[in-house]
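Asker: A single structure is presented below for examination.
The values are calculated or read from the model by the stated rules, or taken from the named source; none is laboratory data. A quick note: this is a predicted structure, and the numbers were derived from the prediction, not measured. Neighbour counts run over all protein chains shown; Cβ positions are idealised from the backbone, glycine included. When the accessible area is computed, the model is the full protein with side chains, heavy atoms only, and any ligands, DNA or RNA have been set aside. Shrake-Rupley method; radii C 1.70, N 1.55, O 1.52, S 1.80 Å.
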Amino acid sequence: MKKIQMVDLKGQYENIKEAVNNSIQEVLDTNTYINGPEVHKFQKSLEEYLGAKHVIPCANGTDALQIAMMALDLKPGDEVITADFTFAATVEVIALLQLTPVLVDVEMDTFNISVEAIKKAITPKTKAIVPVHLFGQAANMEAIMQLATEHNLYVIEDNAQAIGADYKYFDGKKKKAGVMGHVASTSFFPSKNLGCYGDGGAIFTNDDDLAHKLRGIVNHGMYVRYHHDVVGVNSRLDSIQAAVLNAKLPKLDEYNAARQLAAQKYSQALANHKNIVTPYIAGERDSHVFHQYTLRIVDADRDGLMQHLLDKGIPCAIYYPIPLHSQKAYLDSRYKEEDFPVTNQLVKEVISLPMHTELDDEQIQFITDSILEFLK
Ligand SMILES: *Cc1c(COP(=O)(O)O)cnc(C)c1O
(Lines give C-alpha, C1' and ligand atoms only; values in the text may rest on other atoms or scores of the structure.)
Protein backbone atom coordinates (compact mmCIF):
# COMPACT_ATOMS: atom_id res chain seq x y z
CA MET A 1 0.00 0.00 0.00
CA LYS A 2 1.16 3.53 -0.78
CA LYS A 3 2.00 5.57 2.33
CA ILE A 4 -1.14 7.47 3.39
CA GLN A 5 -0.91 11.26 3.34
CA MET A 6 -3.35 13.74 4.86
CA VAL A 7 -3.05 15.64 1.56
CA ASP A 8 -1.13 14.06 -1.33
CA LEU A 9 0.21 17.03 -3.31
CA LYS A 10 3.07 14.99 -4.75
CA GLY A 11 0.81 12.28 -6.14
CA GLN A 12 -1.45 14.91 -7.67
CA TYR A 13 1.49 16.75 -9.22
CA GLU A 14 2.78 13.53 -10.86
CA ASN A 15 -0.46 13.38 -12.86
CA ILE A 16 -0.38 16.99 -14.09
CA LYS A 17 3.35 17.52 -14.22
CA GLU A 18 3.55 18.43 -17.89
CA ALA A 19 0.71 20.96 -17.81
CA VAL A 20 2.05 22.63 -14.66
CA ASN A 21 5.66 22.68 -15.84
CA ASN A 22 4.72 24.14 -19.23
CA SER A 23 2.57 26.78 -17.63
CA ILE A 24 5.35 27.82 -15.23
CA GLN A 25 7.94 27.71 -18.03
CA GLU A 26 5.92 30.25 -19.98
CA VAL A 27 6.19 32.71 -17.08
CA LEU A 28 9.93 32.11 -16.87
CA ASP A 29 10.30 32.66 -20.62
CA THR A 30 8.37 35.92 -20.61
CA ASN A 31 9.76 37.28 -17.30
CA THR A 32 6.43 38.75 -16.26
CA TYR A 33 6.43 37.73 -12.63
CA ILE A 34 3.98 40.32 -11.35
CA ASN A 35 0.60 40.98 -12.96
CA GLY A 36 1.56 38.94 -16.01
CA PRO A 37 -0.85 37.55 -18.59
CA GLU A 38 -1.15 34.33 -16.56
CA VAL A 39 -2.82 36.28 -13.74
CA HIS A 40 -5.29 37.90 -16.09
CA LYS A 41 -6.04 34.59 -17.75
CA PHE A 42 -6.70 32.94 -14.40
CA GLN A 43 -8.96 35.77 -13.32
CA LYS A 44 -11.07 35.41 -16.47
CA SER A 45 -11.23 31.61 -16.25
CA LEU A 46 -12.28 31.70 -12.61
CA GLU A 47 -14.95 34.34 -13.32
CA GLU A 48 -16.34 32.05 -15.98
CA TYR A 49 -16.15 28.93 -13.83
CA LEU A 50 -17.90 30.55 -10.86
CA GLY A 51 -20.37 32.66 -12.76
CA ALA A 52 -18.93 35.66 -10.91
CA LYS A 53 -18.85 39.05 -12.55
CA HIS A 54 -15.54 39.99 -10.93
CA VAL A 55 -12.63 38.02 -9.52
CA ILE A 56 -9.84 40.04 -7.92
CA PRO A 57 -6.76 37.89 -7.29
CA CYS A 58 -4.70 38.64 -4.18
CA ALA A 59 -1.91 37.20 -2.06
CA ASN A 60 -3.79 34.80 0.24
CA GLY A 61 -7.17 33.98 1.72
CA THR A 62 -6.65 36.02 4.87
CA ASP A 63 -5.84 39.14 2.84
CA ALA A 64 -8.90 38.44 0.71
CA LEU A 65 -11.13 38.62 3.79
CA GLN A 66 -9.42 41.74 5.10
CA ILE A 67 -9.61 43.55 1.76
CA ALA A 68 -13.28 42.64 1.36
CA MET A 69 -14.01 44.20 4.76
CA MET A 70 -11.93 47.29 3.95
CA ALA A 71 -13.84 47.81 0.71
CA LEU A 72 -17.18 47.67 2.51
CA ASP A 73 -16.12 50.70 4.59
CA LEU A 74 -16.78 49.00 7.88
CA LYS A 75 -15.82 51.28 10.79
CA PRO A 76 -14.20 50.53 14.16
CA GLY A 77 -16.88 49.37 16.57
CA ASP A 78 -19.10 47.91 13.85
CA GLU A 79 -20.13 44.39 14.81
CA VAL A 80 -19.38 41.51 12.45
CA ILE A 81 -21.00 38.16 13.16
CA THR A 82 -19.11 34.98 12.32
CA ALA A 83 -18.88 31.32 13.32
CA ASP A 84 -17.24 30.14 16.53
CA PHE A 85 -16.15 26.91 14.83
CA THR A 86 -13.73 27.83 12.03
CA PHE A 87 -10.12 28.66 11.27
CA ALA A 88 -8.93 31.77 13.12
CA ALA A 89 -8.24 33.84 9.98
CA THR A 90 -11.90 34.80 9.80
CA VAL A 91 -12.07 36.40 13.23
CA GLU A 92 -8.50 37.68 13.05
CA VAL A 93 -9.10 40.17 10.26
CA ILE A 94 -12.28 41.44 11.91
CA ALA A 95 -10.26 42.21 15.04
CA LEU A 96 -7.32 43.64 13.05
CA LEU A 97 -9.58 46.21 11.43
CA GLN A 98 -10.83 47.16 14.92
CA LEU A 99 -14.28 45.89 14.10
CA THR A 100 -16.00 43.94 16.85
CA PRO A 101 -16.14 40.20 16.20
CA VAL A 102 -19.33 38.55 17.42
CA LEU A 103 -18.87 34.79 17.47
CA VAL A 104 -21.96 32.61 17.29
CA ASP A 105 -22.65 28.90 17.49
CA VAL A 106 -22.94 26.49 14.56
CA GLU A 107 -25.32 23.74 13.44
CA MET A 108 -24.62 20.24 14.75
CA ASP A 109 -25.25 18.54 11.41
CA THR A 110 -23.44 20.72 8.86
CA PHE A 111 -20.96 22.40 11.28
CA ASN A 112 -21.90 25.70 9.58
CA ILE A 113 -23.01 28.95 11.20
CA SER A 114 -26.46 28.72 12.78
CA VAL A 115 -29.07 31.07 11.34
CA GLU A 116 -30.93 31.05 14.67
CA ALA A 117 -27.75 32.08 16.48
CA ILE A 118 -27.14 34.89 13.97
CA LYS A 119 -30.69 36.17 14.56
CA LYS A 120 -30.10 36.34 18.30
CA ALA A 121 -26.77 38.15 17.88
CA ILE A 122 -27.98 40.99 15.65
CA THR A 123 -27.89 44.42 17.34
CA PRO A 124 -28.19 47.98 15.99
CA LYS A 125 -24.37 47.93 15.63
CA THR A 126 -24.28 44.82 13.45
CA LYS A 127 -22.99 45.62 9.95
CA ALA A 128 -21.96 42.30 8.43
CA ILE A 129 -22.18 38.53 8.61
CA VAL A 130 -19.31 36.26 7.58
CA PRO A 131 -20.57 32.73 6.94
CA VAL A 132 -17.74 30.23 6.47
CA HIS A 133 -18.52 27.38 4.08
CA LEU A 134 -16.82 24.92 6.38
CA PHE A 135 -15.17 21.69 5.22
CA GLY A 136 -16.56 22.09 1.68
CA GLN A 137 -20.28 22.69 2.17
CA ALA A 138 -22.00 26.05 1.85
CA ALA A 139 -23.75 27.56 4.85
CA ASN A 140 -27.51 28.12 4.68
CA MET A 141 -27.08 31.12 2.38
CA GLU A 142 -30.69 31.63 1.35
CA ALA A 143 -31.76 32.16 4.95
CA ILE A 144 -28.66 34.22 5.71
CA MET A 145 -29.23 36.53 2.73
CA GLN A 146 -32.85 36.98 3.72
CA LEU A 147 -31.81 37.95 7.24
CA ALA A 148 -29.18 40.30 5.83
CA THR A 149 -31.73 42.03 3.61
CA GLU A 150 -34.15 42.46 6.52
CA HIS A 151 -31.45 44.06 8.68
CA ASN A 152 -29.49 45.83 5.94
CA LEU A 153 -26.28 43.85 6.53
CA TYR A 154 -23.42 42.88 4.25
CA VAL A 155 -22.65 39.21 3.73
CA ILE A 156 -19.03 38.22 3.15
CA GLU A 157 -18.66 34.55 2.26
CA ASP A 158 -15.46 32.90 3.48
CA ASN A 159 -15.17 30.39 0.67
CA ALA A 160 -11.64 29.17 1.39
CA GLN A 161 -12.87 25.59 1.83
CA ALA A 162 -15.74 25.20 -0.64
CA ILE A 163 -14.58 26.32 -4.06
CA GLY A 164 -16.62 24.51 -6.70
CA ALA A 165 -19.48 23.57 -4.36
CA ASP A 166 -23.01 24.12 -5.66
CA TYR A 167 -25.82 25.66 -3.68
CA LYS A 168 -29.44 25.11 -4.62
CA TYR A 169 -32.06 27.75 -3.85
CA PHE A 170 -35.59 26.93 -2.78
CA ASP A 171 -36.84 27.61 -6.32
CA GLY A 172 -34.30 25.19 -7.82
CA LYS A 173 -31.89 27.85 -9.09
CA LYS A 174 -28.23 26.87 -8.55
CA LYS A 175 -25.18 28.99 -7.77
CA LYS A 176 -21.59 28.30 -6.89
CA ALA A 177 -20.46 28.90 -3.32
CA GLY A 178 -18.86 32.34 -3.25
CA VAL A 179 -21.22 34.18 -5.57
CA MET A 180 -24.27 34.43 -3.33
CA GLY A 181 -23.23 37.11 -0.85
CA HIS A 182 -22.16 40.70 -1.51
CA VAL A 183 -18.53 39.65 -1.66
CA ALA A 184 -16.53 36.48 -1.02
CA SER A 185 -12.98 35.43 -0.30
CA THR A 186 -11.07 32.30 -1.13
CA SER A 187 -7.62 30.83 -0.58
CA PHE A 188 -5.34 28.90 -2.94
CA PHE A 189 -3.15 27.58 -0.10
CA PRO A 190 -1.63 24.33 -1.45
CA SER A 191 -3.92 21.99 0.52
CA LYS A 192 -7.19 23.72 -0.44
CA ASN A 193 -9.44 22.14 -3.08
CA LEU A 194 -7.91 24.48 -5.68
CA GLY A 195 -4.38 25.03 -4.40
CA CYS A 196 -1.31 26.65 -5.92
CA TYR A 197 2.32 25.95 -4.94
CA GLY A 198 2.69 28.78 -2.47
CA ASP A 199 0.26 31.39 -1.20
CA GLY A 200 -2.62 32.79 -3.21
CA GLY A 201 -6.15 34.07 -2.80
CA ALA A 202 -8.99 35.90 -4.49
CA ILE A 203 -12.04 38.04 -3.84
CA PHE A 204 -15.27 37.64 -5.83
CA THR A 205 -18.18 40.02 -6.29
CA ASN A 206 -20.95 40.78 -8.75
CA ASP A 207 -21.00 44.47 -7.75
CA ASP A 208 -19.15 46.73 -10.24
CA ASP A 209 -18.49 49.58 -7.79
CA LEU A 210 -17.25 47.24 -5.11
CA ALA A 211 -15.00 45.46 -7.63
CA HIS A 212 -13.44 48.78 -8.61
CA LYS A 213 -12.77 49.57 -4.98
CA LEU A 214 -11.28 46.14 -4.34
CA ARG A 215 -8.93 46.46 -7.32
CA GLY A 216 -7.60 49.70 -5.89
CA ILE A 217 -7.18 48.40 -2.35
CA VAL A 218 -5.13 45.36 -3.40
CA ASN A 219 -2.75 47.75 -5.18
CA HIS A 220 -1.88 50.43 -2.58
CA GLY A 221 -5.15 52.28 -3.14
CA MET A 222 -4.04 53.25 -6.68
CA TYR A 223 -6.42 53.58 -9.59
CA VAL A 224 -4.03 55.78 -11.54
CA ARG A 225 -0.30 55.12 -11.09
CA TYR A 226 1.09 57.07 -8.10
CA HIS A 227 -2.32 58.51 -7.22
CA HIS A 228 -3.43 56.96 -3.93
CA ASP A 229 -7.15 57.56 -3.45
CA VAL A 230 -7.80 55.17 -0.58
CA VAL A 231 -5.64 53.42 1.99
CA GLY A 232 -4.69 50.12 0.44
CA VAL A 233 -2.37 47.18 0.88
CA ASN A 234 0.04 45.26 -1.31
CA SER A 235 -1.62 41.94 -2.01
CA ARG A 236 -0.84 40.19 -5.29
CA LEU A 237 -1.21 36.74 -6.76
CA ASP A 238 2.13 36.27 -8.51
CA SER A 239 2.34 35.00 -12.09
CA ILE A 240 3.97 31.67 -11.22
CA GLN A 241 1.15 30.83 -8.80
CA ALA A 242 -1.39 31.91 -11.43
CA ALA A 243 0.36 29.60 -13.91
CA VAL A 244 -0.10 26.65 -11.51
CA LEU A 245 -3.75 27.59 -11.04
CA ASN A 246 -4.29 27.82 -14.80
CA ALA A 247 -3.11 24.24 -15.09
CA LYS A 248 -5.28 23.07 -12.17
CA LEU A 249 -8.58 24.97 -12.59
CA PRO A 250 -9.68 22.79 -15.55
CA LYS A 251 -9.29 19.79 -13.21
CA LEU A 252 -11.23 21.28 -10.28
CA ASP A 253 -14.53 19.49 -10.96
CA GLU A 254 -12.70 16.21 -11.44
CA TYR A 255 -10.76 16.79 -8.21
CA ASN A 256 -13.92 17.59 -6.27
CA ALA A 257 -15.59 14.48 -7.71
CA ALA A 258 -12.61 12.37 -6.55
CA ARG A 259 -13.01 13.82 -3.04
CA GLN A 260 -16.76 13.11 -3.12
CA LEU A 261 -16.15 9.53 -4.19
CA ALA A 262 -13.62 8.97 -1.41
CA ALA A 263 -16.07 10.50 1.07
CA GLN A 264 -18.82 8.20 -0.14
CA LYS A 265 -16.59 5.16 0.37
CA TYR A 266 -15.62 6.27 3.87
CA SER A 267 -19.25 6.87 4.79
CA GLN A 268 -20.38 3.51 3.42
CA ALA A 269 -17.78 1.65 5.43
CA LEU A 270 -18.51 3.61 8.62
CA ALA A 271 -22.31 3.79 8.36
CA ASN A 272 -24.59 2.70 11.19
CA HIS A 273 -21.95 2.48 13.89
CA LYS A 274 -23.22 3.64 17.28
CA ASN A 275 -20.14 5.79 17.99
CA ILE A 276 -19.67 7.33 14.54
CA VAL A 277 -21.56 10.16 12.89
CA THR A 278 -20.51 10.45 9.24
CA PRO A 279 -20.67 13.87 7.51
CA TYR A 280 -24.13 15.19 6.82
CA ILE A 281 -24.84 16.50 3.34
CA ALA A 282 -27.71 18.97 3.11
CA GLY A 283 -28.44 17.45 -0.30
CA GLU A 284 -31.66 19.35 -0.96
CA ARG A 285 -29.61 22.53 -0.70
CA ASP A 286 -25.90 21.84 -1.11
CA SER A 287 -23.27 19.76 -2.75
CA HIS A 288 -20.30 19.00 -0.53
CA VAL A 289 -16.79 19.19 -1.99
CA PHE A 290 -15.11 17.68 1.08
CA HIS A 291 -12.23 19.98 1.78
CA GLN A 292 -12.22 17.89 4.95
CA TYR A 293 -13.90 14.58 5.70
CA THR A 294 -14.85 15.03 9.34
CA LEU A 295 -16.45 12.45 11.62
CA ARG A 296 -18.02 12.94 15.02
CA ILE A 297 -16.99 10.29 17.51
CA VAL A 298 -19.77 10.15 20.09
CA ASP A 299 -19.62 8.47 23.51
CA ALA A 300 -16.22 7.03 22.71
CA ASP A 301 -12.54 7.90 23.09
CA ARG A 302 -11.87 10.31 20.19
CA ASP A 303 -8.34 11.09 21.33
CA GLY A 304 -7.56 7.40 21.80
CA LEU A 305 -8.82 6.74 18.27
CA MET A 306 -6.61 9.50 16.93
CA GLN A 307 -3.54 7.99 18.63
CA HIS A 308 -4.48 4.53 17.35
CA LEU A 309 -4.64 5.84 13.77
CA LEU A 310 -1.38 7.78 14.10
CA ASP A 311 0.31 4.64 15.49
CA LYS A 312 -0.80 2.78 12.37
CA GLY A 313 0.69 5.44 10.09
CA ILE A 314 -2.66 7.05 9.28
CA PRO A 315 -2.48 10.83 9.47
CA CYS A 316 -5.55 12.52 10.93
CA ALA A 317 -6.29 15.86 12.55
CA ILE A 318 -8.65 17.76 14.79
CA TYR A 319 -10.18 20.71 12.93
CA TYR A 320 -10.70 22.59 15.22
CA PRO A 321 -9.61 21.70 18.75
CA ILE A 322 -10.52 24.96 20.52
CA PRO A 323 -13.60 27.16 19.97
CA LEU A 324 -12.61 30.66 18.85
CA HIS A 325 -14.50 32.19 21.79
CA SER A 326 -12.09 30.34 24.13
CA GLN A 327 -8.93 31.49 22.34
CA LYS A 328 -6.91 33.96 24.42
CA ALA A 329 -6.78 36.53 21.63
CA TYR A 330 -10.57 36.61 21.24
CA LEU A 331 -11.87 36.35 24.80
CA ASP A 332 -14.80 38.69 25.39
CA SER A 333 -16.73 39.10 28.63
CA ARG A 334 -19.97 39.15 26.65
CA TYR A 335 -19.62 35.51 25.67
CA LYS A 336 -21.32 32.91 27.84
CA GLU A 337 -20.46 29.21 27.58
CA GLU A 338 -24.14 28.33 27.26
CA ASP A 339 -24.25 30.30 24.01
CA PHE A 340 -21.93 27.76 22.35
CA PRO A 341 -23.26 24.30 23.19
CA VAL A 342 -22.64 22.89 19.71
CA THR A 343 -19.11 24.19 19.18
CA ASN A 344 -18.16 23.15 22.71
CA GLN A 345 -19.33 19.63 21.92
CA LEU A 346 -17.85 19.44 18.42
CA VAL A 347 -14.31 20.31 19.53
CA LYS A 348 -14.40 17.16 21.69
CA GLU A 349 -15.92 14.89 19.03
CA VAL A 350 -14.55 15.76 15.59
CA ILE A 351 -11.75 14.02 13.75
CA SER A 352 -10.76 14.63 10.14
CA LEU A 353 -9.47 11.75 8.03
CA PRO A 354 -7.04 11.89 5.09
CA MET A 355 -8.80 13.63 2.20
CA HIS A 356 -7.34 14.39 -1.20
CA THR A 357 -7.66 13.51 -4.87
CA GLU A 358 -5.32 10.50 -4.86
CA LEU A 359 -6.81 8.21 -2.17
CA ASP A 360 -7.17 4.63 -3.40
CA ASP A 361 -9.54 1.87 -2.28
CA GLU A 362 -6.83 -0.04 -0.44
CA GLN A 363 -5.97 3.02 1.63
CA ILE A 364 -9.61 3.83 2.38
CA GLN A 365 -10.23 0.24 3.43
CA PHE A 366 -7.19 0.26 5.71
CA ILE A 367 -8.29 3.54 7.31
CA THR A 368 -11.89 2.49 7.90
CA ASP A 369 -10.86 -0.99 9.14
CA SER A 370 -8.47 0.66 11.57
CA ILE A 371 -11.23 2.93 12.90
CA LEU A 372 -13.65 0.03 13.34
CA GLU A 373 -10.97 -2.10 14.97
CA PHE A 374 -10.52 0.58 17.68
CA LEU A 375 -14.20 1.39 18.24
CA LYS A 376 -15.25 -2.32 17.92
C1 LIG B 1 -7.35 28.59 4.72
C2 LIG B 1 -8.42 29.44 5.27
C3 LIG B 1 -8.30 30.85 5.34
C4 LIG B 1 -7.02 31.58 5.07
O5 LIG B 1 -6.41 31.37 3.88
P6 LIG B 1 -4.84 31.68 3.72
O7 LIG B 1 -4.64 31.63 2.25
O8 LIG B 1 -4.11 30.62 4.46
O9 LIG B 1 -4.58 33.03 4.27
C10 LIG B 1 -9.38 31.59 5.77
N11 LIG B 1 -10.53 30.99 6.15
C12 LIG B 1 -10.68 29.66 6.13
C13 LIG B 1 -11.98 29.07 6.56
C14 LIG B 1 -9.63 28.83 5.70
O15 LIG B 1 -9.79 27.51 5.70
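Asker: List pairs: first in segment 19-38 and over 14 Å from Cys196 (Cβ atoms), second surrounded by 15 or more Cβ atoms within 10 Å (Cβ to Cβ) and modelled with pLDDT under 95, Cβ under 8 Å, 6+ apart or cross-chain?
Answerer: Thr30/Gly36
Asker: So which of Thr123, Thr149, Thr90, Thr110 ends up being of a type in the set (Val, Ile, Thr) and at pLDDT below 95? Walk me through it before giving the result.
Answerer: On the way: Thr123 fails: at pLDDT below 95; Thr149 fails: at pLDDT below 95; Thr110 fails: at pLDDT below 95.
Going through Thr123, Thr149, Thr90, Thr110 in turn, just one is of a type in the set (Val, Ile, Thr) and at pLDDT below 95: Thr90.
Asker: Filter segment 129-154 down to the residues that are assigned to a helix (DSSP H, G or I) and not hydrophobic (A, V, I, L, M, F, W, C) and list them by number.
Answerer: Within segment 129-154, Gly136, Glu142, Gln146, Thr149, Glu150, His151 qualify.
Asker: Of these, Lys348, Lys312, which one is surrounded by fewer than 19 Cβ atoms within 10 Å (Cβ to Cβ), more than 28 Å from Gly11 (Cβ to Cβ) and not aromatic (Phe, Trp, Tyr)? Talk me through it step by step, then tell me what you get.
Answerer: Details: Lys312 fails: more than 28 Å from Gly11 (Cβ to Cβ).
Testing whether each residue is surrounded by fewer than 19 Cβ atoms within 10 Å (Cβ to Cβ), more than 28 Å from Gly11 (Cβ to Cβ) and not aromatic (Phe, Trp, Tyr) leaves just Lys348.
Asker: Among the residues that make up segment 27-44, is at least one of them under 18 Å from the mean Cα position of the chain (by Cα) and under 16 Å from Val179 (Cα atoms)? Spell out how you get there, then give the answer.
Answerer: To start, the set of residues in segment 27-44 that are under 18 Å from the mean Cα position of the chain (by Cα) comprises none.
For segment 27-44, residues under 18 Å from the mean Cα position of the chain (by Cα) and under 16 Å from Val179 (Cα atoms): absent.
Asker: With Ala128, Ala121 as the choices, which residue is surrounded by fewer than 23 Cβ atoms within 10 Å (Cβ to Cβ) and more than 13 Å from the ligand (Cβ to nearest atom)? Don't jump to the end; show me each part of the working.
Answerer: Values: Ala128 fails: surrounded by fewer than 23 Cβ atoms within 10 Å (Cβ to Cβ).
After applying the criteria, what remains is Ala121.
Asker: State whether the residues of segment 280-294 include one that is more than 18 Å from the chain's Cα centre (by Cα), modelled with pLDDT of 95 or more, open to solvent by 30 Å² or more (accessible area, probe 1.4 Å) and in the same structural domain as Val342 (by TED's automatic domain parsing).
Answerer: No: segment 280-294 contains no residue that is more than 18 Å from the chain's Cα centre (by Cα), modelled with pLDDT of 95 or more, open to solvent by 30 Å² or more (accessible area, probe 1.4 Å) and in the same structural domain as Val342 (by TED's automatic domain parsing).
Residue by residue, here is whether (1) under 26 Å from Val244 (Cβ atoms); (2) small (Gly, Ala, Ser) holds:
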{"position": "Ile129", "(1), (2)": "no, no"}
{"position": "Gly136", "(1), (2)": "yes, yes"}
{"position": "Asp171", "(1), (2)": "no, no"}
{"position": "Gly201", "(1), (2)": "yes, yes"}
{"position": "Gly221", "(1), (2)": "no, yes"}
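Asker: Right, here's the next one. Please list, ordered by residue number, the strands (runs of 3 or more DSSP E) wholly in segment 1-114 having 1 or more residues that are out of contact with any strand residue (DSSP E or B) (no Cβ under 9 Å at 6 or more places or on another chain) and buried (at least 24 other Cβ atoms within 10 Å of the Cβ). Steps first, please.
Answerer: On the way: elements: 54-58, 79-83, 100-104.
Result: empty, no element qualifies.
Asker: Can you confirm whether Gly164 is part of a loop (DSSP other than H, G, I, E, B), within 15 Å of the ligand (Cβ to nearest atom) and in contact (Cβ under 8 Å) with a residue 60 or more places away in the chain?
Answerer: yes
Asker: From Met141, Met108, grab the single residue that is within 23 Å of Gly201 (Cβ to Cβ), away from the ligand (no atom under 15 Å from the Cβ) and either of a type in the set (S, T, N, Q) or not assigned by TED's automatic domain parsing to the domain that holds Gln327 (or both).
Answerer: Details: Met108 fails: within 23 Å of Gly201 (Cβ to Cβ).
Residue meeting the stated conditions: Met141.
Asker: Can you name every residue in segment 315-335 that is open to solvent by 20 Å² or more (accessible area, probe 1.4 Å), within 16 Å of the ligand (Cβ to nearest atom) and part of a loop (DSSP other than H, G, I, E, B)?
Answerer: Answer for segment 315-335, where residues must be open to solvent by 20 Å² or more (accessible area, probe 1.4 Å), within 16 Å of the ligand (Cβ to nearest atom) and part of a loop (DSSP other than H, G, I, E, B): Ile318, Tyr319, Tyr320, Pro321, Ile322, Gln327.
Asker: With the requirement that a residue be within 12 Å of Ala184 (Cβ to Cβ) and within 16 Å of the ligand (Cβ to nearest atom), what does segment 52-68 give you?
Answerer: Val55, Ile56, Gly61, Ala64, Leu65, Ile67, Ala68
Asker: How many of the residues making up segment 248-300 are touching a residue at least 12 places away in the same chain (Cβ under 8 Å) and not in a helix (DSSP H, G or I)?
Answerer: Qualifying residue count for the region: 27.
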